[in-house]
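Working notes, structure below.
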Amino acid sequence: IYMIGPVITTILAFFILKEKITLTQVIIVIVGLIGAIVISKHNSNVFNYAIIFPFLAATCFAFFTIFTKFLNTSDSNQTTLLFTAVSGSVLSLPFIFFYWETPNFYQLALMFCLGSLATIGHFFFIEALKVINASFAAPFVYLTVLLAAFWGYFIYDEIPDDNTILGAFLIILAGIIITRIKTK
């Protein structure tokens with residue numbers, strides 16, 4: 001469900017940022033979405049009231065992308081990154097009262113590494129949105145599924161099945177096509 005994010009981003013980029021969206025871009029986003037669905041082994045048992053949470057996460061990421069692109073015209077990367085961090089912290093703060101567990105040293109180290117890598121990643125994402133359209137950046141979210149399969153193989157010895165290979169092929173194909181469009 002979260003993989004609907006690039007579709008939402010593309011739609012919002014068209015309406016809010018007034019980006020020109022080509023039919024080819026729409027097809028690429030849909031091909032990437034199909035690839036992500038194939039990898040996730042979609043079945044009807046997944047659908048219940050809880051699907052609203054990944055949908056809301058996808059919508060929040062789409063708005064994050066749109067607002068970041070919008071703010072790139074007036075604010076620095078550091079300012080945008082600070083607002084992202086502060087708003088994310090404030091929005092997640094209420095959940096601390098229900099789910100807090102005191103972390104041990106290993107968990108603190110992992111959280112520090114995750115926070116550092118996420119900060120670096122967001123900084124580069126913000127920088128990238130200075131030179132590319134939000135609708136162009138959106139399909140690259142599908143790479144997270146490929147990375148999950150990659151790390152699943154190397155860390156957990158999970159052998160990619162036929163669905164993963166087919167879905168990865170579709171995602172990579174969409175990425176190659178959109179990259180070639182951008183270079184032209």
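Side notes on the structure shown:
- The gain in end-to-end length when the residue 55 to residue 22 segment is fully stretched comes to 9.4 nm, 0.36 nm per residue minus the alpha carbon separation.
- Distance histogram in 10 Å bins (all Cα pairs of the chain, percent per bin): 8, 29, 37, 22, 4, 0
- Of the trypsin sites (Lys or Arg not before Pro) found in segment 1-105, those in coil by DSSP whose Cβ has at most 14 other Cβ atoms within 10 Å are 18, 20, 41.
- Helical content alone sets the calculated 222 nm signal of the chain at -23500 deg cm²/dmol, taking -39,500 (n - 2.57) per DSSP H segment of four or more residues and averaging over every residue.
- In order through segment 154-160: 3J(HN,Hα) via Karplus (6.51 cos²θ - 1.76 cosθ + 1.60), integer Hz, x for Gly, Pro: 6, 8, 10, 6, 7, 7, x
- Extended-chain gain in nm, criterion 0.36 nm per residue less alpha-carbon gap, residue 154 and residue 63: 29.5 nm
- Relative packing of peptides 144-153, 73-82 - highest average C-beta neighbours within 10 Å first: 144-153, 73-82
- The chymotrypsin sites (Phe, Trp or Tyr not before Pro) found in segment 4-85 that occupy coil by DSSP, while having at most 15 further C-beta atoms within 10 Å, are 47.
- Here segment 108-184 and segment 63-103 have alpha carbon centers that stand 20 Å from each other.
- Residue order by solvent-accessible surface for 21, 96 is 96, 21, largest first, with ligands and nucleic acids left out and a 1.4 Å probe.
The values are calculated or read from the model by the stated rules, or taken from the named source; none is laboratory data. The structure displayed is predicted, hence computed values, not measured ones. Neighbour counts run over all protein chains shown; Cβ positions are idealised from the backbone, glycine included. Note: areas computed on protein heavy atoms with side chains; ligands, DNA, RNA excluded. Shrake-Rupley method; radii C 1.70, N 1.55, O 1.52, S 1.80 Å.
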